[in-house]
Amino acid sequence: MNSVVVRTLFSLFVPGGLVVFTTAILLYMGTLDKSLSALVHIYPYAVAAAGLLLGWRFNRSRLVFAILVLALADRALLYFSAGSLASAGMGRTLYNTVAFLLPLNLAALSLMQERGIITVHGIGRLSFILSQAVVVYLICRFPQLGLAGFFNYSLAKAHLLSRLSLALPALMAFGTAFFLLAIRFIRHETVLENGFFWALLSVFLAFAAGKIGPFSTIYFATAGAVLVISVIETSHSMAFQDELTGIPGRRALDEALLKLTGNYSVAMLDIDFFKKFNDRYGHDVGDQVLRLVASRFTQVSGGGKPYRYGGEEFTVVFPGKTVSETTPHLERLRKELAKTRFIVRGGDRRRKKSENPKKGGGPRKRVKVTISIGVAERNERYGSPAQVIQAADKALYRAKKKGRNRTST
């Protein structure tokens, strides 16, 4: 199977899918039956506390509001629709109204940008969430308003749908939310967007059973846990992965070098005349080139792994390889880059924003990029990672001094 497909599938199912499916299997098999009563008194509160703390600490307003929405929905359902109350009257109306609003709220939070918690935007979002709670209460408390019939509408003759306890508006809301979150993940493919998708699935499983109680509480708490784990994973990625290029960063390089044993080679790669390139085309185009070049570095042969060292400098580590073994692979990479003409969108920083921007993101440019490379290996003279890096950096300087667009050892 193609490695790109494998990575995509892995990023889709881990960690969110793994957590949700594990929870569903444990509940279905009855593994948690003996500890369920104790679990429902600990698990939701632990998840809520962790979510609120992490959301506040890392300024993740979407996590905070998602935890709040899940908690409000769970408490309201337990109070008004627990057990058989979800099958008739006010309990049924609240069940279907919450089932309609909750997936749409999760989808909306996923699509929103982080705007802070105690800010104008944050307070506005909090007010909107709380106002929904008031609206739900009014719909259930005063059936004469006529909205209960809408939320409880179902297609009894549709055999496939009738097996689910959800009314048609709630099913449509879940379908819309799943579609939006799937598109969002495909376009952005981040851990947090992945988390919102699996949190929505966990919420759907809570409603699909049709009986509110300990099982639904566990599913709601699991939805929150998936989002908490996603934020932790995102924070880890920010620490070890370069945000601009998407490849591992300096911290990941330091840890990788410390784990190496025996012989290895390190190459330092620098984009030639990158400062002049930025001055000519602007930093936006410069950032595009850094991303494009980094994507090419990930395709280096010979078992090398690339890292962004800083600025326009990159590092490629070849475990278990000597300089003579790695040089042909680096030369092949350098020559391929020199022959490539990268297509980038124009990004003149001095240009004022057009009132009628052209479709397609502006004019495109074909630019030539070359790199200089310095490579060194661990040996008796260079025994530590710092010494190997320093030797590779000196070799890079020699490559630049000789005219650039070359490899030096």
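Of everything in segment 1-21 that's modelled with pLDDT under 85 and in a loop (DSSP other than H, G, I, E, B), which residue is least open to solvent (accessible area, probe 1.4 Å)? Checked segment 1-21; the qualifying residue least open to solvent (accessible area, probe 1.4 Å) is Val14. Across segment 242-266, the qualifying residues are those that are under 30 Å from Ile67 (Cα atoms) and touching a Lys or Arg at 6+ places or on another chain (Cβ under 9 Å), and the one among them that is surrounded by the fewest Cβ atoms within 10 Å (Cβ to Cβ) is Leu244. Of the residues making up segment 222-237, those that are crowded, with 24+ Cβ neighbours inside 10 Å and of a type outside the set (Ser, Thr, Tyr) are Ala223, Gly224, Ala225, Val226, Leu227, Val228. Considered as a group, the residues in segment 151-163 that are over 21 Å from Leu106 (Cα atoms) and among the hydrophobic types (A, V, I, L, M, F, W, C) include one that is modelled with the highest pLDDT, and that residue is Leu155. Determine whether Ser301 is touching a helix residue (DSSP H, G or I) at 6+ places or on another chain (Cβ under 6 Å), within 30 Å of Gly383 (Cα to Cα) and either open to solvent by 10 Å² or more (accessible area, probe 1.4 Å) or free of Cβ contacts under 8 Å to residues at least 12 places away in the same chain (or both). It is true that Ser301 is touching a helix residue (DSSP H, G or I) at 6+ places or on another chain (Cβ under 6 Å), within 30 Å of Gly383 (Cα to Cα) and either open to solvent by 10 Å² or more (accessible area, probe 1.4 Å) or free of Cβ contacts under 8 Å to residues at least 12 places away in the same chain (or both).
Restricting the search to helices (runs of 4 or more DSSP H) fully inside segment 162-273 and requiring at least 1 residues that are closer than 30 Å to Ala76 by Cα gives 168-188, 191-208, 214-240. In the set Leu26, Leu52, only one residue is over 18 Å from Trp198 (Cβ atoms), out of contact with any strand residue (DSSP E or B) (no Cβ under 9 Å at 6 or more places or on another chain) and among the hydrophobic types (A, V, I, L, M, F, W, C); that residue is Leu52.
Entry remark, segment 340-373: residues being at pLDDT 75 or above and more than 16 Å from Thr407 (Cα to Cα) number 7 in total. Within the set Glu312, Glu331, Glu325, the sole residue that is open to solvent by 50 Å² or more (accessible area, probe 1.4 Å) and under 14 Å from Met268 (Cα atoms) turns out to be Glu312.
Counting residues in segment 82-92 that are closer than 28 Å to Leu168 by Cβ and open to solvent by less than 10 Å² (accessible area, probe 1.4 Å) gives one or more.
Only a single criterion out of (1) charged (D, E, K, R); (2) part of a helix (DSSP H, G or I); (3) modelled with pLDDT of 90 or more is not satisfied by Lys276, namely (3). Within segment 383-400, residues that are surrounded by 19 or more Cβ atoms within 10 Å (Cβ to Cβ) reach partners that are part of a loop (DSSP other than H, G, I, E, B) with beta carbons closer than 7 Å, at six or more positions or on different chains, in the pairs Val388/Arg378; Val388/Tyr382; Ala391/Tyr382; Ala395/Thr409; Ala399/Arg406.
Among the residues of segment 22-41, those identified as of a type outside the set (Gly, Ala, Ser), more than 14 Å from Asp74 (Cβ to Cβ) and surrounded by fewer than 15 Cβ atoms within 10 Å (Cβ to Cβ) are Thr22, Ile25, Leu26, Tyr28, Met29, Thr31, Asp33, Lys34. When only residues in segment 164-221 that are at pLDDT below 90 and of a type in the set (Ser, Thr, Tyr) count, which is most open to solvent (accessible area, probe 1.4 Å)? Among residues in segment 164-221 that are at pLDDT below 90 and of a type in the set (Ser, Thr, Tyr), the one most open to solvent (accessible area, probe 1.4 Å) is Thr190. Residues that are assigned to a loop (DSSP other than H, G, I, E, B), under 19 Å from Asp272 (Cα atoms) and modelled with pLDDT of 90 or more are absent from segment 319-334. Looking across segment 282-291 at every residue that is assigned to a helix (DSSP H, G or I) and open to solvent by less than 40 Å² (accessible area, probe 1.4 Å), the one that is farthest from Arg308 (Cα to Cα) is identified as Val285. Condition first: in a helix (DSSP H, G or I), open to solvent by less than 60 Å² (accessible area, probe 1.4 Å) and not polar (S, T, N, Q). Now tell me which residues in segment 113-149 satisfy that. Hits for segment 113-149 are Gly122, Gly124, Arg125, Ile129, Ala133, Val136, Ile139, Cys140, Ala148, Gly149.
The values are calculated or read from the model by the stated rules, or taken from the named source; none is laboratory data. Keep in mind that this is a model prediction, so the values were computed, not measured. Neighbour counts are summed over all protein chains in view; Cβ atoms, including those assigned to glycine, are modelled from backbone coordinates with ideal geometry. All accessible areas refer to the heavy atoms of the entire protein, side chains included, with ligands and DNA or RNA removed. Shrake-Rupley method; radii C 1.70, N 1.55, O 1.52, S 1.80 Å.
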